[in-house]
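Worksheet for the structure shown next.
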Amino acid sequence: MPNLSRLKPLFSTLTARKPSLLTPLAQWLRTNTPALFGDSSTATRIARADCLYRCFDLRDIPNSARRSALQLKINQYSPWPSPKTNVVWQHHAAQVWCWPADDTTRQQQCVVESRYFPRPDHDSTQLLACEPGYEAQYWQDGVLKESHWWQEQPSLNAWQNFQRAAGLAVTDTLPTSMTTQNAQAWGKDYKLDQNAVFMVAETRFWQALPLLVAFVLSWQLTQIYKLHQDIAAQQQQQSELSQKIEPILQMRKTIQDDQQFLTQVAGLWQGPRQLQLLNQVLAKLPDPARNKMLFWEYQADQLRFTIQTDNADPSLFVKTYTDLGLGKEVSAEPDSKTGQITVTIRFQADAEH
């Protein structure tokens with residue numbers, strides 16, 4: 001049968017971490033797990049006085065037919081119709097206790113009182129002090145061959161009759177009755193009726209379903225709680241980090257604003273200043289008595305000025321202002337009709353003046 005003892009460490013850990021969520025579930029598990037999954041220490045005990053015992057030797061019956069054969073033998077042996085049974089197999093022998101079933105015990109796990117007494121480790125007879133009465137047992141090859149119950153402690157004559165019925169040698173003394181019982185019954189229960197197996201399984205399923213649902217919900221709540229804690233911790237870390245980097249971000253913004261201001265200021269000074277250019281151009285003007293400045297136009301990337309001259313050769317002006325080194329390109333366009341020359345100086349993009 002399923003055993004949930006392996007879940008105890010898990011529930012202990014979860015209960016320690018989330019007691020408000022899992023303590024009721026763990027308590028319910030400890031209380032109901034034995035009843036749900038067949039722990040004989042909490043099963044309903046059937047007194048030996050209320051049942052009959054018989055050992056059936058089915059060594060000649062094939063394994064596939066033993067269930068039906070054993071059911072037939074029990075029906076023939078039992079004085080009750082459809083009795084409740086405890087069946088424990090040992091090799092080819094079926095050790096069977098049967099008693100009348102009622103509505104109280106029909107769907108419960110029941111264990112006969114005899115199975116709580118220790119089994120001998122060798123062939124022997126023993127006398128058990130039951131509640132109530134006394135039971136005589138004869139064991140051979142680990143199988144309970146014969147069993148008999150008396151309402152009161154048997155006399156020596158009754159004990160000797162039991163020995164004769166079991167085919168044993170008669171003794172002159174009555175053994176001391178055994179009173180010690182174990183917490184767990186010996187042997188593994190064997191279910192005769194497959195429908196009963198399914199009914200018990202279905203009953204236990206519906207009994208265990210609330211536990212499974214509670215476990216799943218508790219697990220989900222635990223995960224949600226853990227996720228919430230992680231999110232809260234991340235938000236706290238993010239808040240602390242934001243407070244730490246806020247001065248850095250403010251300093252970065254200040255530097256960017258200062259850099260933008262300096263860029264704007266530097267833009268106001270791009271290219272040569274006009275007064276300086278004017279002085280340089282007039283200083284190099286060939287023969288100022290014959291050549292006069294008529295027009296001046298300054299832009300960021302070029303300078304244009306017009307000279308009234310009687311010298312129609314533009315190469316003189318190109319050479320003069322090229323040697324001045326104001327720009328990367330100097331050109332001159334003469335106008336023969338007016339006697340004027342327009343000089344254009346294009347500045348270097350990265351020139352500094």
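The values are calculated or read from the model by the stated rules, or taken from the named source; none is laboratory data. Every value quoted in this text rests on a predicted model; they were computed, and no experiment measured them. Backbone-built Cβ (ideal geometry, glycine too); neighbour counts: all protein chains shown.
Conditions first: (1) over 21 Å from T44 (Cα atoms); (2) of a type in the set (A, V, I, L, M, F, W, C); (3) under 56 Å from the mean Cα position of the chain (by Cα). F162 passes all but one, so which condition is the exception? Among (1) over 21 Å from T44 (Cα atoms); (2) of a type in the set (A, V, I, L, M, F, W, C); (3) under 56 Å from the mean Cα position of the chain (by Cα), F162 violates only (3).
Take P247 and decide whether it is under 60 Å from the mean Cα position of the chain (by Cα) and surrounded by fewer than 10 Cβ atoms within 10 Å (Cβ to Cβ).
Working: under 60 Å from the mean Cα position of the chain (by Cα): yes; surrounded by fewer than 10 Cβ atoms within 10 Å (Cβ to Cβ): yes.
It is true that P247 is under 60 Å from the mean Cα position of the chain (by Cα) and surrounded by fewer than 10 Cβ atoms within 10 Å (Cβ to Cβ).
Looking at region 58-81, is at least one residue closer than 17 Å to W139 by Cα and assigned by TED's automatic domain parsing to the domain that holds Q184? No, region 58-81 contains no residue that is closer than 17 Å to W139 by Cα and assigned by TED's automatic domain parsing to the domain that holds Q184. Only a single item in (1) of a type outside the set (V, I, T); (2) touching a Phe, Trp or Tyr at 6+ places or on another chain (Cβ under 9 Å); (3) surrounded by fewer than 18 Cβ atoms within 10 Å (Cβ to Cβ); (4) in a helix (DSSP H, G or I) is not met by H122, and it is number (4).
Report yes if D230 is in a loop (DSSP other than H, G, I, E, B) and either in the same structural domain as S68 (by TED's automatic domain parsing) or within 37 Å of the chain's Cα centre (by Cα) (or both), otherwise no. Outline the logic, then answer.
On the way: in a loop (DSSP other than H, G, I, E, B): no; either in the same structural domain as S68 (by TED's automatic domain parsing) or within 37 Å of the chain's Cα centre (by Cα) (or both): yes.
Judged against the criteria, D230 is not a match.
Based on what the data block shows, is A93 surrounded by 14 or more Cβ atoms within 10 Å (Cβ to Cβ) and touching a residue at least 24 places away in the same chain (Cβ under 8 Å)?
Numbers: surrounded by 14 or more Cβ atoms within 10 Å (Cβ to Cβ): yes; touching a residue at least 24 places away in the same chain (Cβ under 8 Å): yes.
Yes, satisfied.
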